[in-house]
Amino acid sequence: MSEHGGLEEDSWATSFRSRLNFLVAMVPPPSGEKWTNELIAEECLARGVEATYSNIAHLRTGRRTNPSARLVGALAQVFGVDVDYFFNDLRAHQIQKQFLALQQLRESGVKIEGIAARGEGLNPDLVMEAIRALRRDSDDRR
C-alpha cells in the first residue's frame, strides 16, 4: 500500500475527502452561492489547472483518491488554505478550528467583513475569546 505523508493510502484518501468537503461547507464561494463540483472545477481552471466536475465529485466522495499535486495546489488556492492543509493533520486541525470560530462569530451576528474571512493569520484562541466575550455581553443584556 502506498503512503502519503506518513498516512496509509486509505487513511489519506478519507482525510483528503473529509478535508475537501469541510472546505466546501465552510468557505463561501466568490459568487456568494453554494459550491458545486462544476464551480470548483471552473475555479481550478481559472488557476490554470484542468479539472472536471466529475473529477471533483470523485474526490469529494472518495471514489478518486490520487489527485495530482497541481490539482491539490489549485484546490488549496480556491479555498484559500495552505497546501499543507491536505497533508498535515496538525495544520488541518488549526485551519478547521479557525473556520469553526469564524462560523460562530457569524452566527453571533458579528460582521466579519473586516476579519480575514478565509481564516488566514487568525489566532484561534483569540477568536474563541472574542466569541466568549460576545456571549457574556449578550447574556448581560438579557
Dividing the convex hull volume of the Cα atoms of the stretch 11-101 by its residue count, what figure in Å³ per residue is obtained? 84
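How much length, in nm to one decimal, is gained on full extension between Ser68 and Lys97, taken as 0.36 nm per residue of separation minus their Cα-Cα distance?
7.8 nm
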Quick one: dipole size for the stretch 1-87, taken about the Cα centre, charges +1 on Lys/Arg Cβ and -1 on Asp/Glu Cβ, in debye to the nearest 20. 180
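No value in this document is a laboratory result; all are computed from the given coordinates. Since this is a predicted model, take the numbers as computed values, not measurements. Cβ sites come from the backbone with ideal geometry, for glycine too, and all protein chains shown count toward neighbours.
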